[in-house]
Amino acid sequence: MTTQRYALALGDDALILAQRLGEWVARAPELEEDVALANIALDLLGQARTLLTYAGELEGAGRDEDALAYWRDDRDFRNVLLVELPNGDFAVTMARQLVFAAYQYELYDRLRGSADETVAAVAGKAVKEVHYHRDHATQWVLRLGDGTDESRRRMVAGLETVWPYVDELFEPFDGADVDPTALREPWTAYVHGVLAEAGLSVPEPTASRRGGRDGLHTEHLGYLLAELQHLHRSHPGATW
Amino acid sequence: MSAEWPLWEVFVRAKRGLSHIHVGSLHAPDATMAVRNARDVYTRRGEGVSIWVVPSDQITASSPDEKDAFFDPAGDKVYRHPTFYDVPVEAKHL
């Protein structure tokens with residue numbers, strides 16, 4: 001049986017990254033990338049809705065997906081810090097997408113075998129979605145890393161920006177359906193392979209940032225939530 | 001940046017057995033990305049099972065100036081349609 005904490009953590013990861021990626025709409029380098037990033041964001045939002053709904057059911061306190069998304073404050077969110085980081089330039093976003101989609105791919109691939117039917121069903125659908133997210137990021141990391149001097153400089157900077165947040169993805173999680181520490185090896189094989197093909201070095205290990213799973217977030221999450229939540233809080237139950 | 005990305009024509013096959021149909025065009029830096037952009041722009045509502053992309057500048061088109069000479073002569077050649085011919089009643093299994 002999946003724990004409420006675990007469903008909430010995975011749902012929050014997807015929700016917060018969906019909101020971040022949505023910020024690219026109408027601001028991406030090309031119209032085609034606007035659409036690509038919006039598609040990815042909507043895939044993640046779909047995952048978040050199912051997972052948060054399920055987290056609410058497991059909690060048994062009558063909270064639905066909207067209650068969990070709109071009526072919690074930042075200290076109650078359980079997403080990793082990586083997904084709440086500001087988008088930065090396109091290279092920073094692609095660095096984060098590569099890191100996170102490669103992680104999500106290994107995660108959902110294994111969650112398909114979860115004894116919990118709901119989680120296994122979510123994973124079965126989501127693994128195809130994140131397979132594409134991983135491919136999308138891979139294509140861009142290859143092109144930016146192996147492109148011009150400027151694109152390469154930005155890609156290196158993007159990887160250095162997100163790298164301190166990698167360790168948190170693989171921290172042990174009490175009550176997880178899939179042990180996050182087991183995902184590190186396949187993740188490393190994939191991501192390091194992409195970086196090698198792009199002619200990029202793996203960033204040097206630095207002090208790692210953590211705390212998201214315990215509700216200890218960066219200052220960026222509060223601003224993101226203000227934008228995400230203010231309509232629903234101003235007009236509870238609003239629909240259109 | 002747009003000026004640097006070439007234009008691609010996109011063809012989508014709706015399902016097995018049907019032909020690829022031209023659905024529109026888009027910008028992409030290369031063929032690999034053009035297929036991905038086409039997936040995101042033209043198949044996000046389940047429109048297709050296969051995508052072709054072709055560089056727009058690789059298409060040779062007939063000229064609007066040649067329209068009369070090219071197409072008008074076919075207008076009155078009714079004998080080019082199979083329905084123009086009477087089929088003898090003795091001819092079975094046509």
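Nothing in this text is a laboratory measurement; each read-out follows from the coordinates by a stated rule. Worth saying up front: this structure is predicted, and the values here are computed from it rather than measured. Please note: Cβ atoms are built from the backbone with ideal geometry, for glycine as well, and neighbour counts cover all protein chains shown.
A few comments on the model shown:
- Within chain A, helix-based [θ] at 222 nm, where runs of 4 or more DSSP H residues each add -39,500 (n - 2.57), nearest 500: -21000 deg cm²/dmol
- The ranking of A:Tyr6, A:Tyr132 from fewest to most other beta carbons within 10 Å of each one's beta carbon is A:Tyr132, A:Tyr6.
- Across segment A:77-87, computed HN-Hα scalar couplings (Karplus, 6.51 cos²θ - 1.76 cosθ + 1.60, θ = phi - 60°) run 7, 10, 6, 5, 5, 3, 6, 8, 4, x, 4 Hz from first to last residue, x flagging Gly and Pro.
- About its Cα centre, the dipole of chain B is roughly 720 debye, where the only charges are +1 on Lys and Arg Cβ and -1 on Asp and Glu Cβ.
- A:Arg78 sits among other residues whose Cβ lies under 9 Å from its own Cβ, and their net charge, with Lys and Arg +1 and Asp and Glu -1, is -2.
- Here's the picture: a label point sits 7 Å out from the Cα of A:Trp240 along the beta-carbon direction, and within segment A:40-76 the residues with their amide nitrogen under 19 Å of it are A:42, A:66, A:70.
- Computed over chain A, the Cα gyration tensor eigenvalues convert (square root of 5λ each) into semi-axes of 28, 21, 16 Å, ordered from largest to smallest.
- For segment A:26-67 versus segment A:93-140, the gap between their alpha-carbon centres in whole angstrom: 14 Å
- 3J(HN,Hα) from dihedral phi, segment A:119-133, Karplus parametrisation 6.51/-1.76/1.60, rounded to Hz, x for glycine, proline: 5, 4, 5, 4, 5, x, 7, 6, 5, 6, 4, 6, 4, 5, 4
- Amide hydrogen neighbours beyond the local backbone of A:Gly147, cut-off 5 Å, H modeled: A:Arg152
- Gain on full extension, evaluated as 0.36 nm per residue between A:Asn87 and A:Ala189 minus their Cα-Cα distance, stands at 34.2 nm.
- Exposure proxy ranking, count of Cβ atoms within 10 Å, fewest first, for A:Tyr165, A:Tyr108, B:Tyr85: B:Tyr85, A:Tyr165, A:Tyr108
- Charge dipole of segment A:125-179 about the Cα centre (unit charges at C-beta), most positive-ward option of A:Val141, A:Leu159, A:Leu169: A:Val141
- Here the Karplus relation 6.51 cos²θ - 1.76 cosθ + 1.60, evaluated at θ = phi - 60°, turns the backbone of segment A:52-65 into coupling constants of 6, 4, 5, 4, x, 5, 5, 5, x, 10, x, 8, 9, 4 Hz, with x for every Gly and Pro.
- Model label points for A:His230 and B:Val78, set 7 angstrom from Cα along the Cα-to-Cβ axis, are 7.2 nm apart.
- Estimated FRET transfer efficiency when R0 is 41 angstrom, pair A:Glu171-B:Val49 (beta carbons, to 0.05): 0.50
- Cut-off 12 Å between beta-carbons: net charge of the residues surrounding A:Gly237, Lys and Arg +1, Asp and Glu -1: -1
- Taking B:Phe70, B:Phe11, A:Phe90, B:Phe84 and counting other C-beta atoms within 10 Å, the order from fewest to most: B:Phe84, B:Phe70, B:Phe11, A:Phe90
- Whole-number Å³ per residue for the convex hull built on Cα positions in segment B:2-60: 76 Å³
- Local electrostatic count, A:Pro186, Cβ distance below 15 Å [Lys/Arg +1, Asp/Glu -1]: 0
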